[in-house]
Amino acid sequence: MLFVWAAKVEVNAAVLIDFEGFEKSYELRKGVSHANDFPSGVTFKMDSRKPTHTLLVDNVKNTQNVVIISEKLKVFIENQALIDVELLPITVLDHKGRPVDDAFYIFHPIKNLDCIDIDKSVPKWGDIDKTLIKGVKQLVIDPARVPEDKQFFRPQHYTARPLVTKALVDAILQAGFTGVQFTPISDVKGRLR
């Protein structure tokens, strides 16, 4: 069973905006590897419209549809021996633009999978980019096209959010990480945001 990886809304948790310092951010949704060319000094800033929201959880909500994780969750992920993932270091800035002390990373799946069952999903294709799906009647993944050892990935044509296996979901939830939320793909209808 597969789930959509999302960020849970937590009381007083920060939301990160203003992704700066990386000109190729659009390539993250395409699954392009950046382990060797990701620049230092990439930042996300806390949303100044919510000045009391300063809590930094293990999986931080953001406006860029990337997965931002804490050092603690990063260490956990490294111990899972996942394939085709990168952990790209970023700096989180507080509401006044000052770096926070804690380390955070973009948990980046590479090599997007061509795994959507197009006939069963009944996609609505993008108006500008005809290779991207902007919505589905029901998200259906063909399990035969997902390698057994691939636990975290983005589908090739529906890249808004990464998917994660039940085994990894269970391990993360059992470990008690904050800010994590997983939605079964059977619940995905319409547009993924």
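Structural remarks
- Inter-residue pairs, beta-carbon under 7 Å, first of a type outside the set (Phe, Trp, Tyr) and in region 168-186, second crowded, with 16+ Cβ neighbours inside 10 Å and part of a helix (DSSP H, G or I), 6+ apart: Ala175/Phe76; Val180/Ile172
- Search result, residues across region 154-176 that are buried (at least 18 other Cβ atoms within 10 Å of the Cβ) and either part of a loop (DSSP other than H, G, I, E, B) or at pLDDT below 95 (or both): Arg154, Gln156, His157, Tyr158, Thr159, Arg161, Pro162
- All conditions in (1) in a loop (DSSP other than H, G, I, E, B); (2) over 18 Å from Asn59 (Cα atoms) hold for Ala144, with the sole exception of (1).
- Total residues in region 103-121, condition assigned to a loop (DSSP other than H, G, I, E, B) and surrounded by fewer than 14 Cβ atoms within 10 Å (Cβ to Cβ): 1
- Candidates Asp142, Asp119 - the one that is of a type in the set (D, E, K, R) and either out of contact with any Asp or Glu (no Cβ under 8 Å at 6 or more places or on another chain) or within 24 Å of Leu88 (Cα to Cα) (or both): Asp119
- Answer from Ala35, Ala81, Ala6 - the residue that is within 23 Å of Asp170 (Cα to Cα) and part of a loop (DSSP other than H, G, I, E, B): Ala81
- Residues of region 58-99 satisfying the condition of being touching a Lys or Arg at 6+ places or on another chain (Cβ under 7 Å), surrounded by 15 or more Cβ atoms within 10 Å (Cβ to Cβ) and within 21 Å of Asn36 (Cβ to Cβ): Asp84, Leu87
- Among the residues of region 86-144, just one is of a type in the set (Phe, Trp, Tyr), closer than 22 Å to Tyr158 by Cα and under 21 Å from the mean Cα position of the chain (by Cα), namely Phe107.
- Selection from region 122-136 of residues that are of a type in the set (Gly, Ala, Ser) and either within 30 Å of Gly41 (Cα to Cα) or loosely packed, with under 14 Cβ neighbours inside 10 Å (or both): Gly126
The values are calculated or read from the model by the stated rules, or taken from the named source; none is laboratory data. Everything numeric here is computed off the predicted structure, so don't read it as measured data. A quick note on method: Cβ atoms are made from the backbone with ideal geometry, for glycine too, and the neighbour counts reach across all protein chains shown.
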